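The values are calculated or read from the model by the stated rules, or taken from the named source; none is laboratory data. All of these numbers come straight from a predicted model, not from anything done at the bench. With ideal geometry, Cβ positions are generated from the backbone for all residues, glycine too; neighbour counts draw on all protein chains shown. When the accessible area is computed, the model is the full protein with side chains, heavy atoms only, and any ligands, DNA or RNA have been set aside. Shrake-Rupley method; radii C 1.70, N 1.55, O 1.52, S 1.80 Å.
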Amino acid sequence: MHRRVHNQCLRLCRRSQSSLASQAPRLDPFKALAPQLTELRSSLVTMLGSGHPAITEITEYYFLHPSKQVRPVIVLLLAQATNGLGGDWQKKLWESQCEGAGGSARELDRTMTRPKVLNDWNPHMPSETAKFNPLFEMLPKRHRLPKPVFPPSPSPPTPTLANTVLPTQKRLAQIVEMMHTASLLHDDVIDESALRRGAPSAPASYGNKLSILGGNFVLGRASAALSRLGDSEVTELIASVLSNLVEGEILQMREVKMEEDADITKVFLDADKQRRSTPTSRDAWNIYLQKTYLKTASLMAKGARSAVVLGGCKEGEVWKEIAYAYGRNLGIAFQLVDDVLDYESASATLGKPGGADLQLGLATGPALYAWEEHPEMGDLIERKFEKPGDVELARDYVLRSSGVQRTRALAQAYADKAKEVLQLLPDSEAKAGLEVLTERVIGRKS
Ligand code: FPP
Ligand code: MG
C-alpha cells in the first residue's frame, strides 16, 4: 500500500473506536434508499430504448424483474459515507451544480450520442434522438453549451452537504447495475438456466441469441454513460470490471475443462502425488477464491472505489482504498453465501434453479470442504460429477459434511473484514447502513 495511505490508515485506526459498530443510528439501507432506487431504475430503463422493439424488450426484461440492487446500494452508501472527505470534493460539488462543468444531472442526461450521427434512435427520448435519415440533410443548429465558469478562487462555495450524492455517483449506480444485468444475460445462456428472479430467464423467453445480443446492447449503453462521467480513472476501473467478469467466467469453465483434459490432469497429478493424496487441494481453493473475486467481488469493489473517486478522493488519500477493500470483502462474502444457498434453498425460494452448481460440474466452497472430510469427493470433483448418480452422491457427501457450515463461516469472516475496514470512516448513517448491508448479505435467503 502507498506509504501515505498506510499512515492515514494507522492514524484512523488509532482514532476509531474499538467497537466494530458505528455510533450513528442504524437504518435499513434498502428501505432508506427505496425511493432513490425506484427512481434510478426507471431512468435507467429510459436509457435502454432502441429503435428495434425486440432489443428494447429484452434489455428491459431483467430490469422489470428487479434485483435486490445490492450493487447500486453499495455505490450510493459509499458515496454518502465519504462525500466531503476527499481533497477534490468542493470541485466535484461545484461541477455538479454549475451547468457546463460536466457533472450536472441535466448534462449527464443529455442524449448519449449526437442525433443523426450515430442514428441512435431511442423511442423513450423522441426529441433527443433521430431515426435513420438520409445523409446530407441540413441539420438544425445545435445548442452549444456556454463556456464553463470556474469557481472563484481562493474561496469556493462551502459544501455543507457532506452526504449529498452527486449526479455522477447516481449514474454510476445505474452503470454498475447495467453491467451486472448484462453479465446475467450472458450467464443464463452459459449456464442454460431456465429461471431467474422467479420468472423464465431471458434465454428461456427470447432465446440465446437475443439474450447475448441484448446483454451487449446494455453494455454499449453503459459504456456511453460511463464516458459521459468524464473521469478516466473511473472509466478504467469499470472497463476492467468487464474484463474481470469474463476472466472469472472463463476461469470457472477452465476449471471444468482442465479436469476434462485427462492429459493435463495427469501431468499435474503425477508431478505431485502428495497432492493427490491430500484431501483438499490448495490450488482448487486458490482458483475458487480468485474466480469468486473476478466474477462477483470485482464489480462491487471497483464500483465502490469509483463512487469515492467521483466524490473527489485524490490519489494517495485513503478513502478509495477503504471503499475497494469493503467491496472486495463484501463481494466475496456475497458469492460464498450464494454458493451455500445453492445447497440450502429450494428453487422456489431462490427464484432460480437450486442445486445448479453440481449439475454444472462446479465444486464450490461446500464441495471443497466436503472433500477434506470425504476423500471420495476428489474423484467426483475431478470428473465434474458427470457420471450418472454423481451429482446425487456428491450432494450427499456435502450434506453429510460440515462443508455448508464452514463455507458460511468463511463468508462471515469476509463480512467481518468488510465491517472492520469501515471503521476507518467517520461515523454516519451511511456507514451504519453499510454495516447493516454486510449483515444482510450474510443473512439473506435468496
Ligand atoms: C452469476 O453467477 C454470473 C456472474 C456473477 C458473472 C457472469 C459473467 C459472465 C457471463 C461474463 C460475461 C459478462 C459480460 C458482461 C459480457 P452464477 O451463475 O454463479 O449465479 P446465478 O446462480 O445467479 O446464475
Ligand atoms: Mg448462473
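Structure summary
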quantity: Residue among Gly365, Gly311 that alone is away from ligand 1 (no atom under 13 Å from the Cβ), among the small types (Gly, Ala, Ser) and in contact with a helix residue (DSSP H, G or I) (Cβ under 9 Å, 6 or more places away or on another chain); calculated: Gly311
quantity: Any chance Gln405 is modelled with pLDDT of 95 or more, within 29 Å of the chain's Cα centre (by Cα), open to solvent by 10 Å² or more (accessible area, probe 1.4 Å) and farther than 17 Å from Phe334 by Cβ; calculated: yes
quantity: Checking Ser227 against (1) in contact (Cβ under 8 Å) with a residue 24 or more places away in the chain; (2) open to solvent by 30 Å² or more (accessible area, probe 1.4 Å); (3) not hydrophobic (A, V, I, L, M, F, W, C), the condition it does not meet; calculated: (1)
quantity: Hits in the stretch 315-349 - residues which are within 15 Å of ligand 2 (Cβ to nearest atom) and among the small types (Gly, Ala, Ser); calculated: Ser345, Ser347
quantity: Matching residues, the stretch 295-353, being more than 30 Å from Ser193 (Cα to Cα), open to solvent by less than 10 Å² (accessible area, probe 1.4 Å), assigned to a helix (DSSP H, G or I) and among the hydrophobic types (A, V, I, L, M, F, W, C); calculated: Ala307, Val308, Val309, Leu310, Ile322, Ala323
quantity: Condition met for Lys387 (free of Cβ contacts under 8 Å to residues at least 12 places away in the same chain and not in a helix (DSSP H, G or I)); calculated: yes
quantity: Qualifying position, being modelled with pLDDT of 65 or more and either within 23 Å of Ile250 (Cβ to Cβ) or part of a loop (DSSP other than H, G, I, E, B) (or both), among Pro154, Pro140, Pro203; calculated: Pro203
quantity: Test: residue in the stretch 234-252 that is under 22 Å from Gln359 (Cα atoms), touching a residue at least 40 places away in the same chain (Cβ under 8 Å), surrounded by fewer than 22 Cβ atoms within 10 Å (Cβ to Cβ) and away from ligand 2 (no atom under 15 Å from the Cβ); calculated: yes
quantity: Residue in the stretch 43-52 that is touching a Ser or Thr at 6+ places or on another chain (Cβ under 6 Å), among the β-branched types (Val, Ile, Thr) and open to solvent by less than 30 Å² (accessible area, probe 1.4 Å) present; calculated: no
quantity: Boolean, Leu93 is at pLDDT 80 or above, under 23 Å from the mean Cα position of the chain (by Cα) and outside any loop (DSSP other than H, G, I, E, B); calculated: no
quantity: Filter result (over 16 Å from Trp285 (Cα atoms) and not aromatic (Phe, Trp, Tyr)) within the stretch 381-395; calculated: Arg383, Glu386, Lys387, Pro388, Gly389, Asp390, Val391, Glu392, Leu393, Ala394, Arg395
quantity: Selected residue (only one of Ala411, Ala370 is under 25 Å from Gly327 (Cα atoms) and of a type outside the set (Ser, Thr, Tyr)); calculated: Ala411
quantity: Residues that are in contact with a Pro (Cβ under 6 Å, 6 or more places away or on another chain) and closer than 16 Å to Glu392 by Cα, drawn from the stretch 333-352; calculated: Tyr343
quantity: Residue in the stretch 350-366 that is away from ligand 2 (no atom under 16 Å from the Cβ), in contact (Cβ under 8 Å) with a residue 12 or more places away in the chain and among the hydrophobic types (A, V, I, L, M, F, W, C) present; calculated: no
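One line per residue, one yes/no per condition, for (1) farther than 21 Å from Ser240 by Cβ; (2) within 11 Å of ligand 1 (Cβ to nearest atom); (3) open to solvent by 30 Å² or more (accessible area, probe 1.4 Å):
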position	(1), (2), (3)
Met178	no, yes, no
Ser183	no, yes, yes
Asp191	yes, yes, yes
Gly198	yes, no, yes
